Structure formats: structure tokens, C-alpha cells
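Let me begin by presenting the structure, written as C-alpha cells, before commenting on it.
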Amino acid sequence: MGKKQNIKGRTPLAVAGLKNARVAPRKVRLVAKQICGMNVRHALAILETTRRNANPLLEKVLKSAIANAMEKDGKIDTDELIITTCEVNKARTLKRFRPRAMGRATTILKHSSHISLSVG
């Protein structure tokens, strides 16, 4: 199963997710652990300034969760939203082959991940 970060005492207001993102779950978890439990605006600032391959994906999912919260409860203040749950699971793995010496082949595994964020 995937690793799940949860902030206790907060009920999630809105959830957003992304399936089959072509970034390895290990790389996404590094960034997800960093922003979990933070204020939404502060987390967006971190995602925009740091350089990781997972940042644009997490930023897109976070903005979607904010929009879902606004749609669900129109009078909510987005500055008070906190990321309550960050979940990154392993998705399908693409298997590719690379030719090697003496007619052999080596397997190359291209990992994908499922990303889920909730704000509350």
C-alpha cells in the first residue's frame, strides 16, 4: 500500500487526485512529505520555488483541491485551508528493454504513481 500522511484533528473538506502520473512514487513522496500539514498558500510558494520533477504535478493537484473546496463551500477563506492528507501510491510500471553486450537485454522499469491530496 501507499504511504499516507494525515494531520490529526482536521476533517478534509475537499479531495483531489491524479492517476498514472509518470513520476516515480519515491520522488513524489519527497515533496509530498514536505508540504503535508502546511498552509495552502505557503505550500504553493514552496512548490513554485523548488526544483523537482514532481512539483508541477503536486501544484496542479493542490490547485484542484482548492477549487473543489471553493465549489463545495463558496464562502471559505482559502488562506485558512491546510493540507490534511497527502497520499502517494504506486501505479502501473512500464517495462522496457535495452540491448546489452553479447545479445543480451536489460529490463528498464518506468514507474508511475497515483497522487491524492485533501484540504480542510
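Anyone know which of 37, 74, 17 comes out most mobile in the 10 Å Cα GNM of the chain?
Of 37, 74, 17, the most mobile in the Gaussian network model is 74.
Say the dipole of the chain comes from +1 at the beta carbon of Lys and Arg and -1 at that of Asp and Glu; which of 23, 67, 81 then lies farthest toward its positive end?
23
Is the C-alpha gyration tensor of the stretch 55-120 telling us rounded, prolate or oblate? Criteria: a/c under 1.5 is rounded; beyond that, a/b larger than b/c is prolate, otherwise oblate.
prolate
Percent of alpha carbon pairs in the stretch 5-107 separated by more than 16 Å?
Every Cα pair in the stretch 5-107 considered, those over 16 Å come to 62 percent.
In debye, nearest 20: dipole of the chain around its Cα centre with unit charges on the Cβ of K, R (+) and D, E (-)?
In debye, rounded to 20, the chain gives about 1220.
Go through the stretch 31-41 residue by residue and turn each phi into a ³J(HN,Hα) via Karplus (6.51, -1.76, 1.60, θ = phi - 60°); whole Hz please, and just put x for glycine and proline.
Once rounded to whole Hz, the list reads 7, 5, 5, 5, 9, 5, x, 8, 5, 4, 5.
Give the distance, in whole Å, between the Cα centre of the stretch 30-47 and the Cα centre of the stretch 74-112.
Result: 19 Å between the Cα centres.
Where a number appears in this text, it was derived from the coordinates with a stated rule and is not lab data. Everything numeric here is computed off the predicted structure, so don't read it as measured data. Positions of Cβ are generated from backbone atoms using ideal geometry, with glycine treated the same way; all protein chains shown enter the neighbour counts.
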